[in-house]
Structures are given as C-alpha cells and as structure tokens.
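Read-outs throughout are calculated quantities, based only on the coordinates presented, and are distinct from any laboratory measurement. The shown structure was predicted, so the numbers you read here are calculated from the model rather than taken from an experiment. Every residue, glycine among them, receives a Cβ derived from its backbone with ideal geometry; neighbour counts consider all protein chains shown.
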C-alpha cells in the first residue's frame, strides 16, 4: 500500500476542512483559517507522495457501482491527473497561507475559508474523477463556489452582480457540456460492455459512434470548456469577477476554476482527435481568444482586470495548443498542460502581488493612481517583475519554455496544413502580452507616485510575502523540468492508440518537422520587443499617449467598450431577446397554466353553488328522499328494475 | 290461530302510516310519534315470526327498551328546541342551511 491507494483523501481532506471551518472555524485560532490550511497542506503532501509513485510507474483506477448499470463513482490517477492535482493543491495552499494575512481583518473569515476549501475540494474532485458524470458534478460544485466567492462581499452591488454574471455565463457552457454527455451516453449505452461515462476511449468504442455525432460531442464539450475557461465569446464574466477578494481571483485564475475547461479537453482528447474538424475549431478559437483578450488588456486601467484579460489570453494559448496538436498527437496534451501549470504559478504570483498592492493602497485598483511603488514595497515589486517576465515569455523563465513550444507547434501546424492563422494570432498575442504586462508593471511600480495613497503605501506582512517568494521561485525555475514533463504527461495516452484515432478523425501526424531558426527565436523577440515598447512608452515617456487615449479615437472606443460584447449580451440578448421570450412565457403562464388551474376551481365552485339548492333544510324533504331511495334499493335488490 | 299474513298486513299498514307521517308532518312531536309507529310495525313483524322459538320476542323486547330511550332523548331535544325557538315546527330550524 502506497500513497496512491489513499489518493481519494486529496479531495476528501478539503471537504472536511470545509465542514470544520463552517461550523467551528469561528471559535479557533484567529477566527478561522486553520482547518482550511491544514487540510490543504495534507492534500499537497498526499499529492506529492502520489506523484513520486506515479513517476515510478504506478497507476490506479478504482470504481464502485452507483445507481445504474455502468454508472460508477471512483477515482483515477494517471500522469495527467497527478500533475493537475499537485499544481492545484500546491498553488491553493500558497493562496490559503497568503489569505491568512490578506483576509485578516474580514469579519466573515471562517466563512471565506470554508468556501475556498470547498472550491479546492471541487477542483481536486474534478481532476480525480474517473468518469464524466462525476466530473460534471464537481464541475458544477466549482461553478457554485465561484459564484459564492466572487460575490463574497455581497454588500457591494457590483460584487453581487459579478457573482450572478459569472454563474449565468458559465451556465451556458455547462448546459452544452451536459448535452455532450447525454449525446455520448446515447451513442455508447447500447454497446455490449457499457463503459458509459468512464474515460476508456478505445478504438472500438469511438469507431462505433458516427463521425457527425463524434464531432457534435467534441464541440459540445468544447462549449463547456469555453464557458468554464472563459474563452471567446463566454469570457465576459472574468473581468467582472475581479470584484471578489484578490485571493479568490488568484484561486479562480491559477488553480481551481478556469483550468477545468482545459483539463476537460485534455482528458477527452481521444474524442477530439477522433472527430473530424473539431480540433481545427479548437485551434482557431483558442488562437483568436488569445489575441482578442490581449488587445483588451492594453486599455483597462484596473490592475486586476489587466491580469484577468491576460488569463483569458493565456487560456487561449492552451486551447490553441490542444487544437494544433492534431499534427503531433498525444504530446499535445503534455505541451498544453506544461503551459497550464507554469501559468498557474506565475498567475497566482501576479494576483497575490496585486493583492499586496491593493492592501497597501486601501483597495485602489486604478493603475493611474499608483506609481513609484518599487521603493515602497520592494519584495512585491521584484516578485511581480518575475511574474510579469514569466507571463511575457522572457527567455529562461517558465513562461518562455511553455509558450515558446506552443508557438513553434502552431508554426509546424501551419506548415503541415497550410493554415497559419493560429500561429499569427498567438504570435501577435505574445507581443501584446509583453506590452500590456509591462505597462502594468511600469505604471504601478516606477515613476512618481500619482496619488496620496501611493505615497504612503507599505509592504505586506511576512505571511503574505512568503508565498510570493515561493511562487516566484517556481515561476522562474519551473522551465528546467520541460523535457521531463513532456515525456511524463505526453505518455498519458497510448501513442499508438492516438495515432489510430487521428487516422479515424482524418488528421495526419507529423514528426520532427524542421523549424527555421528565425521562427524559433521569434517568440523571444516578441517578448523582448514588447517589453522594450512598454518601457519606451510608460517608463521613458517617449510617446505622448494622451493623443490616442480619447473617446473620439474609434479604436480606443472599441477597446474601451470591450468590443461592445457586454452591450450585445446584456442589452440585446439578455434584455431585448430574452425580455421578449420572457413576455411570451409570462403570457403562457398567466393565461394557459393559471387559466387551467383557476378554471378547475371556478367550475367546481359553480357546480357546488348549483347543487347546494337541494339542501333545503326541511327535514321532511330529506325523509322523503330517504324513503324513495330505500324503495328504489329494495326494488333493485328484488330484481324488479 | 291468526294467520301470519294478517300480522304482516297490519305491520305494512302501520309502516306506511309512519313513513307518510314523517314525510309530510311539520310538527316535531308528530314526527316523533310517527317514528314510534314505524318502530312498532317492525316489532310486530318480529313478534309474528317468533312461532317456533322465542328469539323474535326477545328482539322485540330489546327494541322496545331502546325505543323508550330514544323517545326520551327525542322529547328532551324537542323541549330544548321549544325553549329556544318557541316552536317545534321543523321548517323553522334552518340555521345551518346555505
């Protein structure tokens, strides 16, 4: 018996933490936080113990029957799952430790820790699941927790609205995902061995599904991933979700929520690669989102929203990687997951740093009111610089290794299929990423303080800066593990099987394509060039931006209004279209449903008021009725009538 | 010996009188008396059929005893009604009607 046999405790421990925090957290050390931290520390230890065993070749897949034949609950550990588990529990632990300092003054501290504990439990359970139905249950749990936590400061109207928006927007994706599961069940339930929802995608099973259905299933799953991982066009909830506590943003963006969509696509990669056409859409959608969100990141002035758009953009990279992976097969999952995990490190780092900034500046989030923070909070400034370098893909940081490989693969995809669109998208996005990230850093940390608050900012407490240092180390050094990681996670799916599935889906796998040197160093040039441009504009002030930043500049107006997507979704779709549908539904409800109910009661009242006339109250009448009745009865019994 | 049919005819006549009285009478006291006639027509039947054994007569005796109790209750009710309403006209008692 090794660690791996107790792997289900990885998800169970935070659940225990949730219950303890909820009921007795308030009466313990510092009014809460202790149970959440201890249980997630436990999860991290088990995850790392299990990782060591999985590196040695251990695998596990345990199922117990549930309520119907072929439907099971259980847990599964393979390389893909264990790297996710380690990342989620470790990053979540860092954020929880940090939250001890960040949420210190909050009156509902124990409730906060209970909810983040449940959030972590949901994500860990999602990764541990060995079948799609169980994954969907945890998927919904994660959605619920995000709603609760984004609206944690519910007394702020924006926070309450943001929670609702996040919940409803991701719900669109959830419905699509559920439809995908139903369609999959419809197709596999009649097979001789109904492995209905388990992740056993053998060639026989996938061959038995018609290709059109397979593509529909893959696209519906993609819809779920688009909702959860906030891809275009369902990304609108993420910027608003910044109304929650910064630690929650860090959890959502790095560890627990948005990576679930990428994990879903990675986990069901055999379906995607076996379905004709699905991965092309994945690649273009991911690439487009990466560029689209990066343009938006250029104009927002809210420090957390810049980071939010960068998350959307980076998730676009991961999805694009899975899409262009149609030419390299199983290794695509490894490449994508490597970016996911390095992103988790530097994004958690960036969010936690911005949390320190917010703490120091009395919750001012506007970059225009910052400036000169480098000398006032040096640890945070350096940590954030490391995070920003990693996000921009500066050579030798973790982000460089992961992003570089994605851009190269996209180029190979272009060579192999003639479709250079994803490559162009993500290459431009890489340039823009460097620009907006360093715009943020230069605006916040260099120059003169632009407000009273910035002049009197102070460094965060030790419990807040310690996780920053740990995460900064990972954001810098995680790249060393690159080739080891690719071999480990790339071996998650059987290469031979993936090859045959790719044949089924009509994709041609290529190996060892030559990439010219200029293409290989192009991402690094983009990163460094972007940083240089940002430095020129916001550090040296070579360009006078006030000429461009005005409401009369149509491009600026377009970006400022977020491409009018919020307007389209809220005013046009939500209010006009659904308003009209709601009107019809209301009329149907009032006239037909209520009409039936009220009609029945009215008819019965009318019958009653007619019949009551026989009750004269005169005893003789009753007696007569009784006698007549008895006579008729006797005649009937006697057989006369 | 008087034939059985005569008793039955007498009983039928008495029953008809009683039933007629209940159906048309408004005076509570008369209704009560008609009820007694109904009851006694049944008693006559019971007594008439008890030629081989005495079981019918036993039943008739029971029935008379119970009828006595019933009359006591009925008369008491009528007295109370009269005290409240100053009448025993049954058509006046329609407080619970619609």
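Suppose each label sits 7 Å from its Cα in the direction of the beta carbon; what would the residue A:458-residue A:525 distance come out to in nanometres?
Simple spin-label model gives 4.9 nm for this pair.
Taking the 0 to 90 degree range and rounding to the nearest ten, how far is the long axis of helix A:79-102 tilted relative to the main principal axis of chain A, both from C-alpha atoms?
80
Please arrange A:408, B:91 by counting, for each residue, the other beta carbons lying within 10 Å of its beta carbon, fewest first. Kindly include the intermediate steps, with their values, before the conclusion.
Working: A:408 19, B:91 13.
Sorted ascending by nearby Cβ count, the order is B:91, A:408.
How large is the convex hull of the C-alpha atoms of region A:252-317 per residue, in Å³? Don't skip to the end; give the middle numbers.
On the way: hull volume 3.9 nm³, N = 66.
Taking the convex hull of the Cα positions in region A:252-317, it is 60 Å³ per residue.
Consider just the alpha-carbon atoms of region A:289-328 and return their Rg together with their Dmax, both in angstrom.
Looking at region A:289-328, its Cα Rg and Dmax stand at 11.9, 40 Å.
Evaluate the relative contact order of region B:26-90 (contact order divided by residue number), counting alpha-carbon pairs under 8 angstrom at least 6 apart; express in whole percent. Could you put the intermediate results ahead of the total?
Values: 36 pairs, mean separation 29.9, N = 65.
It rounds to 46 percent for region B:26-90.
Over region A:170-315, what is the mean sequence separation of C-alpha contacts under 8 Å (at least six apart), divided by residue count, expressed as relative contact order in percent?
Details: 170 pairs, mean separation 38.6, N = 146.
That works out to 26 percent.
Can you order the peptides A:524-531, A:287-294, A:255-262 by their average number of other Cβ atoms within 10 Å per residue, highest first?
Working: A:524-531: 19.6, A:287-294: 25.8, A:255-262: 28.4.
Taking the mean over residues of other Cβ atoms within 10 Å, the ranking is A:255-262, A:287-294, A:524-531.
After finding the eigenvalues of the alpha carbon gyration tensor for region A:565-638, what semi-axes result from the square roots of 5 times each, listed largest first in whole Å? Present the calculation step by step, with values, prior to reporting the outcome.
On the way: eigenvalues 740, 37, 6 Å².
So the equivalent ellipsoid measures 61, 14, 6 Å along its semi-axes.
Quick one: Debye curve from the C-alpha atoms of region A:1-65, no solvent, what's log10 I(q)/I(0) at q = 0.11, 0.14 Å⁻¹?
-0.34, -0.50
Where does each of B:49-55, A:118-124, A:94-100, A:21-27 land if you order them by average Cβ count within 10 Å, highest first? Numbers along the way, then the final one.
Values: B:49-55: 11.6, A:118-124: 28.4, A:94-100: 25.4, A:21-27: 17.1.
Peptide ranking by packing, descending: A:118-124, A:94-100, A:21-27, B:49-55.
Which whole number gives the average, over all residues in B:15-26, of C-beta atoms from other chains lying within 10 Å of the residue C-beta?
Taking the mean over all residues of the peptide, I get 3.
Neighbouring Cβ atoms within 10 Å as the yardstick, rank A:30, A:562 fewest first. Working shown, then result.
Values: A:30 12, A:562 17.
Lowest to highest Cβ neighbour count: A:30, A:562.
Return the equivalent ellipsoid semi-axes of chain A as a descending list in whole Å, where each equals the square root of 5 times an eigenvalue of the C-alpha gyration tensor. Could the numbers behind the result be given before it?
Numbers: eigenvalues 532, 211, 142 Å².
Each semi-axis is √(5λ); the values are 52, 33, 27 Å.
Would you list the P(r) distribution for region A:1-135, with all Cα-Cα distances sorted into 5 Å bins from 0 and each bin expressed as a whole %?
Reading upward from the zero bin: 2, 12, 21, 20, 16, 13, 9, 6, 2, 0, 0.
Please report A:238, B:88 as a ranked list, fewest other C-beta atoms within 10 angstrom at the top and most at the bottom. Before the final figure, lay out each step's value.
On the way: A:238 29, B:88 19.
Ranked by crowding around the Cβ, least crowded first: B:88, A:238.
Roughly how compact is region A:418-463, stated as its Cα Rg over 2.2 N^0.38 Å to two decimals?
1.89
Note down the nm distance, to one decimal, between modelled labels 7 Å out along Cα→Cβ at residue A:640 and at residue B:24.
Reported label-point gap for residue A:640 and residue B:24 is 2.1 nm.
Relative to the longest principal axis of chain A, what angle (0 to 90°, nearest 10) does the C-alpha long axis of helix A:303-324 take?
90
Would you mind giving the average projected area, over all directions, of the Cα convex hull of region B:26-90 in nm² with one decimal? Provide the component values of the computation, followed by the final result.
Working: hull surface 16.5 nm².
Projected area, direction-averaged: 4.1 nm².
Note down, for region A:458-541, the three equivalent ellipsoid semi-axes (square root of 5 times each alpha carbon gyration tensor eigenvalue), biggest first, whole angstrom.
Working: eigenvalues 297, 118, 26 Å².
Value: 39, 24, 11 Å, ordered largest first.
No solvent, one uniform scatterer per C-alpha: report log10 I(q)/I(0) for region A:505-641 via the Debye equation at q = 0.19 1/Å, two decimals.
Debye intensities relative to I(0), on a log10 scale: -1.15.
Based on the alpha-carbon set only, what is the convex hull volume of region A:268-377 divided per residue, in Å³? The partial results should precede the final answer.
On the way: hull volume 11.1 nm³, N = 110.
Normalising the Cα hull of region A:268-377 by residue number yields 101 Å³.
Work the Kirkwood hydrodynamic radius out for region A:32-112: mean of 1/r over every pair of different alpha-carbon atoms, inverted, in Å.
One decimal place: 14.7 Å for the Kirkwood radius.
Helix A:462-477: angle to the longest alpha-carbon principal axis of chain A, degrees 0 to 90, nearest 10?
70
Using only the alpha carbon atoms of region A:59-199, find the Kirkwood hydrodynamic radius as the inverse mean reciprocal pair distance, in angstroms to one decimal.
On the way: mean 1/r = 0.0588 Å⁻¹.
Value: 17.0 Å, from the Cα pair sum.
Please compute, for peptide A:613-625, the average count of beta-carbon atoms on other protein chains lying within 10 Å of each residue's beta-carbon. It would help to have the intermediate numbers written out before the result.
Details: counts 1, 0, 4, 4, 9, 6, 10, 9, 2, 2, 10, 4, 1.
That average works out to 5.
What share of all Cα pairs of region A:348-438, in percent, falls into each consecutive 10 Å distance bin?
Spelled out per bin, shortest first, that is 16, 37, 25, 15, 7, 0.
At a threshold of 8 angstrom on Cα-Cα distance, excluding pairs fewer than six apart, so keeping six or more, what relative contact order does chain A reach in percent?
13
Counting only helical runs of four or more DSSP H residues, what would the 222 nm mean residue ellipticity of chain B come to if each run contributes -39,500 (n - 2.57) and the total is spread over all its residues? Intermediate results must be reported in sequence, preceding the final value.
Working: 3 runs with 74 residues, N = 98.
Taken over chain B, the calculation gives -26500 deg cm²/dmol.
How would you rank A:453-466, A:304-317, highest first, on the average number of other Cβ atoms within 10 Å across their residues?
A:304-317, A:453-466
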